[in-house]
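For reference, the structure I am asking about is given below.
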Amino acid sequence: MVYEFYIFNNVGNCLFYLNLRGATPDKNPQDKQKLIFGMLHTMKSMCKKFSPQAVSVSPFTSYVTDSYKLHILETSSGLNFVMFTHPDMMDQTHSLKWIYSTIYCTFVIRNPFYEPKKMITSVVFKQKLEEYLLTLAR
Amino acid sequence: MHYNFFIVNKIGLLIYERKFPGCAQLDSSDLIRFGATLSALHLLSAVVTPSGLKKSGLKIISSKFFKLCCFQSPTGVKFCLVSDSNTTDMEKLCKKAYQYYSDYVLKNPFYELDQQIRFEGFDREIEKLFAIKQ
């Protein structure tokens, strides 16, 4: 069960946010987004420090708490796909890769009206992404 | 296979660390930074919980090369174990280490709270705990 979905670029701007739980939205989502990005940045550099060999893209994939699990995919271009799910969910790297290669590339990159580094406003992208995330039961 | 074991107190200071063969090369300043970073991450992960869910700190961090399990005691002391990605039941090991901490460290009359842990008895038990499970 997916709770939330974020896309950040390498600088820290939140390009996209989707809430699937239908809970009451936060008063100030920008603050939370900045916190999430800062935390992920620290986590990624810590994981890089601990890895046995030098890597270009951080090997950090997920973390679990009692109430949620966070999955992340960092592409070589610096894009971060972040997904908050139920804690029992299995590793979702393959589905994040699918979202990047199929849904994001088709509906965002190939959209001539999309301006890089700005928020993603495409309605079709949101629709397709929501459809896909609802199918991720486990 | 285990790589490292750390104990971080509630204010973020590293009070115990143990290296096992195969671990990444980390110098002392890295380790001090690690203690503070982990405390901060634990707090932040509770803050960014999706709205409506109970706030809770992180338990396990997974990466391609290692898995880090962080068990927080009710007093705020964090027991962190860094192992390879296939290890399971890391939380049980951390809980056992917590038991040894309360037996060999807290019950020791010469131990000052939140200070570095330098006791042979505790070292011996930790060595035994993580060597058997390898």
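For B:LYS96, indicate whether it is under 14 Å from the mean Cα position of the chain (by Cα), closer than 22 Å to B:ALA131 by Cα and more than 14 Å from every other protein chain (Cβ to nearest Cβ).
yes
From the residues in region B:1-30 that are over 12 Å from the mean Cα position of the chain (by Cα) and hydrophobic (A, V, I, L, M, F, W, C), which one is farthest from A:CYS47 (Cα to Cα)?
By that ranking, first place goes to B:ILE11.
Check region A:104-123 and report whether any residue there is within 14 Å of chain B (Cβ to nearest Cβ) and in a loop (DSSP other than H, G, I, E, B).
Checked region A:104-123: no residue is within 14 Å of chain B (Cβ to nearest Cβ) and in a loop (DSSP other than H, G, I, E, B).
When you look at B:ALA97, is it within 21 Å of B:TYR3 (Cα to Cα) and either at pLDDT below 90 or in a loop (DSSP other than H, G, I, E, B) (or both), yes or no?
No; evaluated as a whole, the condition is false for this residue.
For A:ASP91, all conditions in the list (1) touching a strand residue (DSSP E or B) at 6+ places or on another chain (Cβ under 8 Å); (2) surrounded by 15 or more Cβ atoms within 10 Å (Cβ to Cβ); (3) within 13 Å of A:VAL2 (Cα to Cα) hold save one; what is the number of the exception?
(2)
Which of the residues belonging to region B:25-37 are at the interface with chain A (Cβ under 8 Å from one of its Cβ atoms) and either touching a strand residue (DSSP E or B) at 6+ places or on another chain (Cβ under 7 Å) or buried (at least 20 other Cβ atoms within 10 Å of the Cβ) (or both)?
B:PHE34
Return yes when B:VAL82 is crowded, with 18+ Cβ neighbours inside 10 Å and under 14 Å from the mean Cα position of the chain (by Cα) and no when it is not.
yes
Scan (1) away from chain A (no Cβ under 11 Å); (2) surrounded by fewer than 14 Cβ atoms within 10 Å (Cβ to Cβ) for the single condition B:GLY22 breaks and write down its number.
(1)
Restricting the first residue to region B:103-114 and requiring it to be among the acidic types (Asp, Glu), which pairs with a second residue that is outside any helix (DSSP H, G or I) meet a Cβ separation below 8 Å and a spacing of at least six or different chains?
Close Cβ pairs (under 8 Å, with a partner that is outside any helix (DSSP H, G or I)) amount to B:ASP114/B:ASN9; B:ASP114/B:LYS10; B:ASP114/B:ILE11; B:ASP114/B:LEU13; B:ASP114/B:ILE15.
Out of all the residues in region B:39-47, is one or more at the interface with chain A (Cβ under 8 Å from one of its Cβ atoms) and among the hydroxyl-bearing types (Ser, Thr, Tyr)?
Looking only at region B:39-47, we keep the residues that are at the interface with chain A (Cβ under 8 Å from one of its Cβ atoms), and these are B:40-41, B:44-47.
Those still in the list that are among the hydroxyl-bearing types (Ser, Thr, Tyr) too: B:45.
Checked against the condition, which is being at the interface with chain A (Cβ under 8 Å from one of its Cβ atoms) and among the hydroxyl-bearing types (Ser, Thr, Tyr), region B:39-47 yields at least one hit.
Let me ask another. Just give me the residues in region B:41-64 being surrounded by fewer than 18 Cβ atoms within 10 Å (Cβ to Cβ) and either at pLDDT 90 or above or among the hydrophobic types (A, V, I, L, M, F, W, C) (or both), in sequence order.
Of region B:41-64, the ones surrounded by fewer than 18 Cβ atoms within 10 Å (Cβ to Cβ) are B:43, B:46-47, B:51-56, B:64.
Residues satisfying the conditions are B:LEU43, B:ALA46, B:VAL47, B:LEU53.
Same structure, new question: With at the interface with chain A (Cβ under 7 Å from one of its Cβ atoms) and at positive phi as the only criterion, which of B:GLY52, B:GLY57 stands out?
Of the residues listed, the single one that is at the interface with chain A (Cβ under 7 Å from one of its Cβ atoms) and at positive phi is B:GLY52.
Looking at the structure I just gave you, is A:GLU131 of a type in the set (Asp, Glu), in a helix (DSSP H, G or I) and over 29 Å from B:HIS2 (Cβ atoms)?
Numbers: of a type in the set (Asp, Glu): yes; in a helix (DSSP H, G or I): yes; over 29 Å from B:HIS2 (Cβ atoms): yes.
Yes: the conditions hold for A:GLU131.
Looking at B:PHE20, B:PHE65, B:PHE34, B:PHE5, can you tell me which residue is under 30 Å from A:VAL2 (Cα atoms) and aromatic (Phe, Trp, Tyr)?
B:PHE65 is the lone residue from the list that is under 30 Å from A:VAL2 (Cα atoms) and aromatic (Phe, Trp, Tyr).
Follow-up question, since we're still on this one. Among A:GLY38, A:GLY12, which is facing another protein chain (nearest Cβ under 8 Å), more than 11 Å from the chain's Cα centre (by Cα) and in contact (Cβ under 8 Å) with a residue 12 or more places away in the chain?
Checking each option against the conditions leaves just A:GLY38.
The values are calculated or read from the model by the stated rules, or taken from the named source; none is laboratory data. Quick caveat, the model's predicted, so the values are computed rather than measured. Because the Cβ atoms are built from the backbone with ideal geometry, glycine has one as well, and the counts that use them run over all protein chains shown.
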